[in-house]
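Below is one structure, written out as structure tokens; the observations come after it.
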Amino acid sequence: MADSDYRSSGRPASGSILNLKMGERRATLSRSVVISPYSASRVPISNIALMRQIIEREEFVGMAEAEYEGQKAMAKVIPENAVMPIAWGYFQDDKTKAWFLTHFRNLLANAPKISEFLPIVRQLHEKSVSPTGKFGFHVTPFYGPPPMIVDWTDDWEFFWTREFRSGLQYAQKMRGENPELMEVAEEFIEKVVPRLLRPLQTGGRTIKPSLCHGDLWDGNIQMDVDTEKPMVFDPCPFYGHHEMDLQCMRSPRYNIGYNFVKEYAKVGASQPHEDFNDRNALYAIRNDIMTAGMWPQWASLLDQAKEEMRRLIAKHPEGLAGFEGDITPNDIRE
């Protein structure tokens with residue numbers, strides 16, 4: 001979430017201390033404060049550097065809780081590469097504004113080496129466990145300005161299609177009605193989506209709901225100057241198919257790009273392996289549509305998304321019927 005129109009951030013100004021017991025999730029804020037993460041008593045903390053983020057538009061106040069819950073979930077799984085947050089809350093006298101507080105880290109905007117970053121992403125995906133065993137998240141995350149739909153479900157195809165349709169609506173709201181886009185998208189949803197996603201959970205194949213960062217592009221991946229380790233932050237968290245976390249890396253506009261995707265495929269591709277590249281293209285289409293909606297300068301990505309959908313439709317014209325493997329529902333097989 002890099003849109004300065006809806007969120008500002010920075011290190012906290014000096015001020016009074018609002019005491020917060022460890023483990024508390026919420027507090028109220030009436031002015032610039034420093035919060036002690038270590039004690040419930042009033043103590044000087046001049047040697048502790050903290051970072052605050054202030055959300056000043058009412059429609060986005062939920063971002064504070066989503067940021068807190070996402071960072072907390074990641075820090076439990078990759079503690080050396082994600083910062084455990086401190087607190088979030090609303091302003092005491094103005095519930096249309098919210099804040100998020102975490103430890104300040106001195107970061108350098110350098111992309112890590114693939115060999116260094118790949119094990120971290122794998123650990124996030126493999127070691128995380130959905131609290132419900134389903135796809136979704138317990139609070140609403142934001143993919144930039146628009147909120148995601150993350151109600152819990154066992155069906156990954158349903159989860160992704162629901163979010164894809166929401167993204168199409170958002171892009172049209174921001175860039176105008178696009179009948180051609182919607183026509184292509186409907187055929188894409190009818191043919192390509194079931195062809196590529198349903199085999200993940202049929203024929204005895206399964207995928208576990210993994211914690212996904214959700215917005216894993218190089219702007220949210222930087223190097224910690226002090227520890228010399230990659231750090232990830234600013235998540236759009238949900239438990240989903242881990243390959244969706246590669247959605248930003250297919251495009252050459254990102255520094256951490258397709259070379260990472262190819263290396264990840266060698267160690268983390270789901271069955272059927274032969275569909276990995278097309279699944280990555282499918283997930284990347286959603287990212288392009290959302291990016292076009294968020295940023296006017298990237299509106300041309302809608303045309304690129306249409307062409308990529310047409311390419312996949314041409315490759316899979318029969319839809320699910322064209323899949324040559326077993327697509328027996330797993331509950332019937334059992």
**Checking Ala292 against (1) crowded, with 23+ Cβ neighbours inside 10 Å; (2) among the small types (Gly, Ala, Ser); (3) closer than 24 Å to Trp156 by Cα, the condition it does not meet** = (3)
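Residue under question is Thr132, and the condition is that it be surrounded by 18 or more Cβ atoms within 10 Å (Cβ to Cβ), outside the structural domain of Lys72 (by TED's automatic domain parsing) and touching a strand residue (DSSP E or B) at 6+ places or on another chain (Cβ under 9 Å); does it hold?
On the way: surrounded by 18 or more Cβ atoms within 10 Å (Cβ to Cβ): no; outside the structural domain of Lys72 (by TED's automatic domain parsing): yes; touching a strand residue (DSSP E or B) at 6+ places or on another chain (Cβ under 9 Å): yes.
Against the criterion (surrounded by 18 or more Cβ atoms within 10 Å (Cβ to Cβ), outside the structural domain of Lys72 (by TED's automatic domain parsing) and touching a strand residue (DSSP E or B) at 6+ places or on another chain (Cβ under 9 Å)), Thr132 does not qualify.
Can you go through Tyr258, Tyr283 and tell me which one is under 24 Å from the mean Cα position of the chain (by Cα), among the hydroxyl-bearing types (Ser, Thr, Tyr) and over 26 Å from Ala66 (Cα atoms)? Reasoning before the result, please.
Working: Tyr283 fails: over 26 Å from Ala66 (Cα atoms).
It is Tyr258.
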**Asked** In segment 214-225, how many residues are under 15 Å from Ala82 (Cβ atoms), outside any helix (DSSP H, G or I) and out of contact with any Leu (no Cβ under 8 Å at 6 or more places or on another chain)?
**Response** 3
**Message:** Checking the conditions here, which among Gln271, Gln247, Gln222 is under 30 Å from Leu101 (Cβ atoms), polar (S, T, N, Q) and more than 10 Å from the chain's Cα centre (by Cα)?
**Reply:** Gln222
**Request:** Count, please, the residues in segment 150-173 that happen to be surrounded by fewer than 16 Cβ atoms within 10 Å (Cβ to Cβ) and among the aliphatic types (A, V, I, L, M).
**Result:** 0
**Residue that is nearest to Glu318 (Cα to Cα) [pool: residues in segment 169-189 that are among the aliphatic types (A, V, I, L, M) and under 25 Å from the mean Cα position of the chain (by Cα)]** = Ile189
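Return the total of residues in segment 78-127 being more than 26 Å from Phe60 (Cβ to Cβ) and either touching a Gly at 6+ places or on another chain (Cβ under 8 Å) or not in a strand (DSSP E or B) (or both). Spell out the reasoning first.
Keep residues of segment 78-127 that are more than 26 Å from Phe60 (Cβ to Cβ), which gives 78-81, 106, 108, 110-123, 125-127.
Still in the running and either touching a Gly at 6+ places or on another chain (Cβ under 8 Å) or not in a strand (DSSP E or B) (or both): 78-81, 106, 110-123, 125-127.
Residues that pass the stated criteria total 22.
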**Message:** If a residue must be of a type in the set (Gly, Ala, Ser) and modelled with pLDDT under 95, how many such residues does segment 100-140 contain?
**Reply:** 2
**Item:** Meets criteria (at pLDDT 95 or above, crowded, with 18+ Cβ neighbours inside 10 Å and within 20 Å of Gln222 (Cα to Cα)) for Gln71
**Value:** yes
**Message:** Can you find, within segment 135-169, the residue that is nearest to Pro329 (Cα to Cα) among those that are of a type in the set (Gly, Ala, Ser) and outside any helix (DSSP H, G or I)?
**Reply:** Gly136
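Quick one: is Pro237 assigned by TED's automatic domain parsing to the domain that holds Tyr143, surrounded by 18 or more Cβ atoms within 10 Å (Cβ to Cβ) and not small (Gly, Ala, Ser)? I'd like the intermediate steps shown before the answer.
Values: assigned by TED's automatic domain parsing to the domain that holds Tyr143: yes; surrounded by 18 or more Cβ atoms within 10 Å (Cβ to Cβ): yes; not small (Gly, Ala, Ser): yes.
Here the answer is yes, as Pro237 does meet what is asked.
Restricting attention to segment 120-129, which residues are β-branched (Val, Ile, Thr) and either surrounded by 20 or more Cβ atoms within 10 Å (Cβ to Cβ) or touching a strand residue (DSSP E or B) at 6+ places or on another chain (Cβ under 7 Å) (or both)?
Taking segment 120-129 as the starting set, the residues that turn out to be β-branched (Val, Ile, Thr) are 120-121, 129.
Of everything in segment 120-129, those that are β-branched (Val, Ile, Thr) and either surrounded by 20 or more Cβ atoms within 10 Å (Cβ to Cβ) or touching a strand residue (DSSP E or B) at 6+ places or on another chain (Cβ under 7 Å) (or both) turn out to be Ile120, Val121.
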**Request:** For segment 190-207, name all the residues that are surrounded by fewer than 16 Cβ atoms within 10 Å (Cβ to Cβ) and either under 23 Å from the mean Cα position of the chain (by Cα) or at pLDDT below 95 (or both).
**Result:** Thr206
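Determine whether Ala185 is modelled with pLDDT of 95 or more, surrounded by fewer than 19 Cβ atoms within 10 Å (Cβ to Cβ), among the small types (Gly, Ala, Ser) and in a helix (DSSP H, G or I).
On the way: modelled with pLDDT of 95 or more: yes; surrounded by fewer than 19 Cβ atoms within 10 Å (Cβ to Cβ): no; among the small types (Gly, Ala, Ser): yes; in a helix (DSSP H, G or I): yes.
Answer is no for this residue.
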**Request:** Kindly provide the set of residues from segment 189-219 that are within 13 Å of Val121 (Cα to Cα) and without any contact (Cβ under 8 Å) to a residue 40 or more places away in the chain, ordered by number.
**Result:** Trp217
**Prompt:** Looking at segment 305-322, is at least one residue under 25 Å from Ala109 (Cβ atoms), assigned by TED's automatic domain parsing to the domain that holds Val192 and surrounded by 22 or more Cβ atoms within 10 Å (Cβ to Cβ)?
**Reply:** no
**Asked** Would it be correct to say that Glu177 is surrounded by fewer than 20 Cβ atoms within 10 Å (Cβ to Cβ) and either assigned by TED's automatic domain parsing to the domain that holds Gly70 or free of Cβ contacts under 8 Å to residues at least 24 places away in the same chain (or both)?
**Response** yes
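The values are calculated or read from the model by the stated rules, or taken from the named source; none is laboratory data. Remember, it's a predicted structure, so these values are computed and weren't measured experimentally. Please note: Cβ atoms are built from the backbone with ideal geometry, for glycine as well, and neighbour counts cover all protein chains shown.
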